[in-house]
There are 2 protein chains.
Amino acid sequence: MDNLSKYFEVVDQSKQEFIDKLREIVAIPSVSGDATRRQDVIRMGLWLKEKWEALGAETKRVDPGMQELQGQTIPLPPIILGQYGNNPSKKTLLVYGHYDVQPALKEDGWNTDPFELVHNDKDQLVGRGATDDKGPVLGWLCCAEAFKRAGIDFPVNLKFCFEGMEECGSEGLEEVVRHEADKWFSGTDAVCISDNYWLGKNRPCLTYGLRGVSYFYITVEGPSADLHSGVFGGTVHEPMVDLVHLMSRLVDVKGKILIPSIYEKVAPLTLAEEKAYDGLDFNHDDLAKDLRSNVIIHDSEKDTLMHRWRLPSLSLHGIEGAFYGPGEKTVIPAKVTGKFSIRTVPDMDPAEVDRLACKYVADEFAKLNSKNKLTVKMVHDGRWWYSSPEHPNFVAGAKAIERVFGTSPDLTREGGSIPITLTFEEALNRNVLLLPMGASDDGAHSVNEKLDVRNFIEGIKVFGVYLEELSKPRV
Amino acid sequence: MDNLSKYFEVVDQSKQEFIDKLREIVAIPSVSGDATRRQDVIRMGLWLKEKWEALGAETKRVDPGMQELQGQTIPLPPIILGQYGNNPSKKTLLVYGHYDVQPALKEDGWNTDPFELVHNDKDQLVGRGATDDKGPVLGWLCCAEAFKRAGIDFPVNLKFCFEGMEECGSEGLEEVVRHEADKWFSGTDAVCISDNYWLGKNRPCLTYGLRGVSYFYITVEGPSADLHSGVFGGTVHEPMVDLVHLMSRLVDVKGKILIPSIYEKVAPLTLAEEKAYDGLDFNHDDLAKDLRSNVIIHDSEKDTLMHRWRLPSLSLHGIEGAFYGPGEKTVIPAKVTGKFSIRTVPDMDPAEVDRLACKYVADEFAKLNSKNKLTVKMVHDGRWWYSSPEHPNFVAGAKAIERVFGTSPDLTREGGSIPITLTFEEALNRNVLLLPMGASDDGAHSVNEKLDVRNFIEGIKVFGVYLEELSKPRV
Ligand SMILES: [Zn+2]
Ligand SMILES: [Zn+2]
Ligand SMILES: [Zn+2]
Ligand SMILES: [Zn+2]
């Protein structure tokens, strides 16, 4: 029996114990967005610290400071840094995960208490955080325990960084990562993050790209105060009218962005890349079922995925300052701010996107000939991220999936952003692999969040093989 | 000395007493929108009832029922009906007014306690309700008292209808008016309402027209729940995109309504009517000062007033269901409802406006080729009102103004609606005169609401002459 077979055997034997551990931590309601739960978040961080120390890891608690939340000043949850093994002849992997969770109330529509893990008859583990991100975070601990129990030398030096503020914008994390880059994180050879999902429900995947996002405000202001439409309707330039005209010129109904030159820098599609879209675990029927409505723009799955992963998009989110309540109100709002964002892809430059979008809006506004005042600005941008699935870090991940699942992984990108990916890549100048454990239907952030037992247990096996593969010398 | 000169003398002599009476009732915080003030509203209604009875009027208190307000079930304020004089050889005038007021807090920006009337050095009476509508309502009482004190026979039979829910949609009033039409109100020859304002600050006016309003909802819905723009941006039909396209096609930046045929029924401008716009007490400089911004669409005052009074307009009020808060949120709203209204004018037919608008929106939506679902509906319509300034009721008002102010009144219309006007006209089938007491800068509904002493005292004189004029036989 080779080392990995032994490792698999131990993981299988420890299944119930690992599930019980997940039950133990799901029961800690570490909701970072709820000030009254802050002590639970901290308790959850300390649980991880203690368990890793018990295994023999060296750890460090970093407290990034205080936070204003719901009218209280409270401490930010600790960032738990760790080092498990320190053998200069081994590769060093840094793993990141988060131990905080989204809010959850039984009344939201959960079938069971969200903080009591239920192992149901579909062999799913239902509970808040099961898949996002307590299952994966616990997975690394289970992996190390299984190696130890199997009496196998741990293949790599493992560093870890577990935070408790991910669901609230990772407040405080970026500074710590940059600060520790040449300290706690020095010597890192590769990074692995397990905090996203398979494309479908059956086939595991590796994720090699994320879109960026640039967020814009268009503000149109006219009179100094809201007006009554009876008195002023038809006689003054209404900011809402100008704004709606501008917003309608940003994107067409089929999702085509109308800002000139915006597509110019989009990387051309290579034949190899196009081929990678074939046979992915994704289909429109499932998607329409999830949406409970067929509002899919494109005809083919490939088109849909290309528009999600490798093409920019523009979404209109809403308007601040206009009437938004139920019922009727005959107001002419005096100042309105339209909010939209552009998802960016390789090789778009956020600074240029900013320039093109703002110039276009200003030009269109000039055409309107309105006496109102326009302000348009980019308020936030996060770069896209793109990595090569040929990189040894990805090859190691792919081998692990082949060994455990008997199939090569889907190679996926995501339409959203995971800003911490870029932070680690830039701060450590190392390749980052996104290696998801959960499936597309896990319902992270939703009611009845779950993680399949298969994904959890086989996922722990994948982690182990991945470490083993990483440790092999590669070009 | 003729009767009216004697009447004027008494009014002038009673000036301080009348101001003190206004002070007494401004001190009753009859805020109909605040459940905790309901007893004050009722107390205010009973004050009027008692004072008129003391003068010799017959009165009736009508309680229209209960109301849910701010989580409480409370009685609606009484409608106070009255009859002052019952001489079959005299004309009978019905006057309407309201004794409730808008909310007011010192902290809103008032210079003085809003419920303590201040007679300032500009000879203004500052206090909540001074002009809207306690001054005018009290005016009728002062008028009757002055006639009595002067020993002059009251020229008409006066019926009155004072309500305490006007600032909250006149809940309960319409039913009472219709019910009493052939009972308490039977024998009414004409109606007079004093609850609007002069066009400017100097010249009195008579108001002979009001625009109507038809309110619409455009709902676009797609997926069953809000989506994340990272995952779905560029791949699904976004309801906000469809809605913004539709809203942008309703009206152009210069206020022109884009719904085909919508202007067809607008009454053509006659030469006589056009002439009436000359020399009105209205100018763009003052308007721009009020708006604190020059966002006026039209070049001439005449154009502005025509667009306020005799032409339809379309205003975009807001969107329900989209992101409206401060900050950034990358949501694709699943269901959004755009709200707009059309101000209608003679001879537009609300049913046709409904049909034209809904058909146009549906046609434009069809052109979009979206897979989302559209619903468009008219949720409320109030008819425009138009009366001839040649009617004897108006001629009487004009004569009164000429006698008191030495100038003919501006003949005005208003851009907004006063639904009760139409209710009285329809229920009693009698002419309604809008005879304002306050000036355009009185700040009804705003902070530091005021009524000039001149408007109050000369207004009481106008009421008296108007009654005298009404009593004269006319063709
Ligand atoms: Zn997560
Ligand atoms: Zn999450
Ligand atoms: Zn009023
Ligand atoms: Zn009012």
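Data overview
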quantity: From B:Ile257, B:Ile297, residue being of a type outside the set (Phe, Trp, Tyr), more than 7 Å from every other protein chain (Cβ to nearest Cβ) and touching a strand residue (DSSP E or B) at 6+ places or on another chain (Cβ under 9 Å); calculated: B:Ile257
quantity: Subset of segment A:435-463 (residues that are within 16 Å of A:Leu206 (Cβ to Cβ) and without any contact (Cβ under 8 Å) to a residue 40 or more places away in the chain); calculated: none
quantity: Given (1) over 22 Å from the mean Cα position of the chain (by Cα); (2) not assigned by TED's automatic domain parsing to the domain that holds B:Ala334, index of the condition B:Gly222 fails; calculated: (2)
quantity: Looking only at segment A:98-113, and only at residues there that are within 16 Å of ligand 1 (Cβ to nearest atom) and buried (at least 18 other Cβ atoms within 10 Å of the Cβ), the one that is farthest from the other protein chains (Cβ to nearest Cβ); calculated: A:Tyr99
quantity: Among (1) in contact with a Lys or Arg (Cβ under 9 Å, 6 or more places away or on another chain); (2) crowded, with 22+ Cβ neighbours inside 10 Å - the single one B:Lys21 does not satisfy; calculated: (2)
quantity: Tally, over segment A:76-86, of residues that are in a strand (DSSP E or B) and within 24 Å of the chain's Cα centre (by Cα); calculated: 4
quantity: Members of segment A:128-182 that are within 16 Å of ligand 2 (Cβ to nearest atom), more than 16 Å from A:Gly438 (Cα to Cα) and in contact with a Pro (Cβ under 8 Å, 6 or more places away or on another chain); calculated: A:Glu163, A:Gly164, A:Met165, A:Ser170, A:Glu171, A:Leu173
quantity: Hits in segment B:5-19 (condition: in contact (Cβ under 8 Å) with a residue 40 or more places away in the chain and part of a helix (DSSP H, G or I)); calculated: B:Lys6, B:Tyr7, B:Phe8, B:Glu9, B:Val10, B:Val11, B:Asp12, B:Lys15, B:Phe18, B:Ile19
quantity: Segment B:24-36: number of residues that are of a type outside the set (Asp, Glu), surrounded by fewer than 20 Cβ atoms within 10 Å (Cβ to Cβ) and part of a helix (DSSP H, G or I); calculated: 2
quantity: Those residues of segment B:368-385 which are of a type in the set (Gly, Ala, Ser) and modelled with pLDDT of 95 or more, in sequence order; calculated: B:Ser370
quantity: From the options B:Ala272, B:Ala276, residue that is at pLDDT below 95 and surrounded by fewer than 15 Cβ atoms within 10 Å (Cβ to Cβ); calculated: B:Ala272
quantity: Residue within segment A:446-459 that is within 14 Å of ligand 1 (Cβ to nearest atom) and at pLDDT below 95 present; calculated: yes
quantity: Listing of strands (runs of 3 or more DSSP E) fully contained in segment B:105-215 that carry 3 or more residues being under 18 Å from B:Lys60 (Cα atoms); calculated: B:157-163
quantity: Which listed residue, of A:Ser261, A:Ser315, is among the small types (Gly, Ala, Ser) and farther than 15 Å from B:Val231 by Cβ; calculated: A:Ser261
quantity: Residue within segment B:369-383 that is more than 15 Å from B:Tyr215 (Cα to Cα) and assigned to a helix (DSSP H, G or I) present; calculated: no
quantity: Output for segment A:300-340, where each listed residue is under 30 Å from A:Leu280 (Cβ atoms), more than 7 Å from every other protein chain (Cβ to nearest Cβ) and of a type in the set (Lys, Arg); calculated: A:Lys302, A:Arg310
quantity: Every residue from segment A:397-421 that is under 16 Å from A:Glu468 (Cβ atoms) and under 22 Å from the mean Cα position of the chain (by Cα); calculated: A:Gly397, A:Ala398, A:Ile401
quantity: Flag for B:Lys201 being among the basic types (Lys, Arg), closer than 30 Å to B:Gly85 by Cβ and more than 16 Å from ligand 1 (Cβ to nearest atom); calculated: no
quantity: Yes/no for A:Thr131 being within 27 Å of A:Tyr7 (Cα to Cα), within 14 Å of ligand 1 (Cβ to nearest atom), within 14 Å of chain B (Cβ to nearest Cβ) and among the β-branched types (Val, Ile, Thr); calculated: no
quantity: Test: residue in segment A:386-398 that is modelled with pLDDT under 95 and not polar (S, T, N, Q); calculated: yes
quantity: Set A:Leu422, A:Leu451: member being more than 16 Å from ligand 3 (Cβ to nearest atom) and closer than 16 Å to A:Pro136 by Cα; calculated: A:Leu451
quantity: B:Pro64 being farther than 17 Å from B:Lys450 by Cα and in a loop (DSSP other than H, G, I, E, B); calculated: yes
quantity: B:Ser170, sole failed condition from (1) more than 23 Å from B:Val395 (Cβ to Cβ); (2) more than 14 Å from ligand 3 (Cβ to nearest atom); (3) surrounded by 19 or more Cβ atoms within 10 Å (Cβ to Cβ); (4) of a type in the set (S, T, N, Q); calculated: (2)
quantity: Tally, over segment A:422-441, of residues that are modelled with pLDDT of 95 or more and either assigned to a loop (DSSP other than H, G, I, E, B) or within 12 Å of ligand 1 (Cβ to nearest atom) (or both); calculated: 9
quantity: Qualifying positions in segment A:60-102 - among the hydroxyl-bearing types (Ser, Thr, Tyr) and touching a Lys or Arg at 6+ places or on another chain (Cβ under 9 Å); calculated: A:Tyr84, A:Thr92, A:Tyr99
quantity: Odd one out for B:Met247, checked against (1) more than 12 Å from chain A (Cβ to nearest Cβ); (2) over 26 Å from the mean Cα position of the chain (by Cα); (3) part of a helix (DSSP H, G or I); calculated: (1)
quantity: Test: residue in segment A:226-247 that is surrounded by fewer than 23 Cβ atoms within 10 Å (Cβ to Cβ) and among the hydroxyl-bearing types (Ser, Thr, Tyr); calculated: no
quantity: Sole exception among (1) of a type in the set (Lys, Arg); (2) facing chain B (nearest Cβ under 9 Å); (3) out of contact with any strand residue (DSSP E or B) (no Cβ under 7 Å at 6 or more places or on another chain) for A:Lys275, by number; calculated: (2)
quantity: Qualifying residue in segment A:37-46 (condition: assigned to a helix (DSSP H, G or I) and in contact with a helix residue (DSSP H, G or I) (Cβ under 7 Å, 6 or more places away or on another chain)); calculated: yes
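Results for (1) under 20 Å from the mean Cα position of the chain (by Cα); (2) among the hydroxyl-bearing types (Ser, Thr, Tyr); (3) within 16 Å of ligand 2 (Cβ to nearest atom), shown as yes or no for each residue.
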position: B:Lys371; (1), (2), (3): no, no, no
position: B:Leu374; (1), (2), (3): no, no, no
position: B:Arg383; (1), (2), (3): yes, no, no
position: B:Ser387; (1), (2), (3): yes, yes, no
position: B:Glu426; (1), (2), (3): yes, no, no
position: B:Asp441; (1), (2), (3): yes, no, no
position: B:Glu468; (1), (2), (3): no, no, no
position: B:Ser471; (1), (2), (3): no, yes, no
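The values are calculated or read from the model by the stated rules, or taken from the named source; none is laboratory data. None of the values given here were measured: they were computed from a predicted structure. FYI the Cβ positions are ideal-geometry reconstructions off the backbone, even for glycines, and counts take in every protein chain you see.
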